[in-house]
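Structure, as structure tokens:
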Amino acid sequence: MNSRTELAPAVASILEAARERPGGDGVVDVDARSLSDALARAEADGRVPVIAEVKPTSPTADGTRDDDPVELAEAMVEGGAAAISVLTEPSHFGGSPESLTRIREAVDVPVLRKDFVLEEAQLDVVEADLLLLIVRFVDDLEGLVAAARERGFQPLVEVHDEAELETALEAGAEIIGVNNRDLARLEVDLETFESVAPDAPEEVTLIAESGVSTPADVRRMREAGADALLIGSAIMDHGSGDSDVTENTRRLVHAENEADGAHT
Ligand SMILES: O=C(O)c1ccccc1NCC(=O)[C@H](O)[C@H](O)COP(=O)(O)O
């Protein structure tokens, strides 16, 4: 692991659990749905490309949502989500690979496996269209990016600063997420994306991850160069327990549309 700085206790605990989790039995072979096609479809429809996240809970969430994950994902797609992210980490986020499989069968948009994959065998746990690799936690990033592509996954490589962006580019990443959440303190700061995005080459698909809560945040990230946004908490609204996920998604997806409250 690239442990350049300290980690929040919750993140250290997530990593400890990830090290214990087994890989898959065989080698998966994915016929992936294209993320770039899904993002282009959203843009053509006048929707902000949002990857909406099914995240039952998290170390920073103020509650848990026990809704059926498939119903949540369908509600997000109904609200205009271009793709779905599914937490498959069980012990800190309440996710599971089984939920991802059910969701991918139920929706027709690309599905991202959001987990803490540390080694090649862990790629083979479940089929997904996209797979998250976090620069900070992976030793052989180039090897894992290549291994993910060999299986048919589109790797989404997550960075938090310019040095990690450089590492991601050297490893051949084509889809890069800039995480606004600092894994040392778990605080979110949208300036993170704004400071890293200018260094990303034009041809990279750039995703702003974490901390996007309002239509104004969406517009801010788009103005800073986000091709897509990964949004979990604001859509799940954990504290409320039952808020309308379709409406939460729609509000953010239409943030650039004057008629839908661009001044919010
Ligand atoms: O969300 C957390 O509390 C968290 C804590 C520790 C490590 C990772 C964490 N989140 C993973 C994510 O990347 C987010 O779920 C994703 O970017 C969406 O963020 P948000 O819209 O802020 O829920």
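The values are calculated or read from the model by the stated rules, or taken from the named source; none is laboratory data. None of these values were measured; they are calculated from a predicted model. Neighbour counts are summed over all protein chains in view; Cβ atoms, including those assigned to glycine, are modelled from backbone coordinates with ideal geometry.
Among the residues of this structure, Ala200 counts as one that is modelled with pLDDT of 95 or more, over 17 Å from Leu39 (Cα atoms) and touching a strand residue (DSSP E or B) at 6+ places or on another chain (Cβ under 7 Å).
Does Val218 qualify as being of a type in the set (Val, Ile, Thr), within 27 Å of Met76 (Cα to Cα) and buried (at least 19 other Cβ atoms within 10 Å of the Cβ)? Taking the combined requirement at face value, the residue satisfies it. Listed by position, the helices (runs of 4 or more DSSP H) enclosed by the range 35-121 that each have at least 1 residues that are under 27 Å from Arg220 (Cα atoms) and of a type in the set (Gly, Ala, Ser) are 35-44, 69-78.
Scoring Ser243 on the criteria (1) within 19 Å of the chain's Cα centre (by Cα); (2) of a type in the set (S, T, N, Q); (3) at pLDDT below 95 leaves a single failure, condition (1). When restricted to residues that are in contact with a helix residue (DSSP H, G or I) (Cβ under 6 Å, 6 or more places away or on another chain) and away from the ligand (no atom under 16 Å from the Cβ), the range 158-172 contains 5. Reported count of residues in the range 198-252, each being near the ligand (Cβ under 10 Å from one of its atoms), touching a residue at least 40 places away in the same chain (Cβ under 8 Å), within 15 Å of Asn179 (Cβ to Cβ) and not in a helix (DSSP H, G or I), is 7.
Do you know which of the residues in the range 182-197 that are touching a residue at least 60 places away in the same chain (Cβ under 8 Å) and within 10 Å of the ligand (Cβ to nearest atom) is surrounded by the fewest Cβ atoms within 10 Å (Cβ to Cβ)? Walk me through how you get there before you give the answer.
Step one: filter the range 182-197 for residues touching a residue at least 60 places away in the same chain (Cβ under 8 Å), giving 183-186.
Subsequent filtering for residues that are within 10 Å of the ligand (Cβ to nearest atom) retains 183, 186.
Details: Leu183: 21, Leu186: 16.
Here the answer is Leu186.
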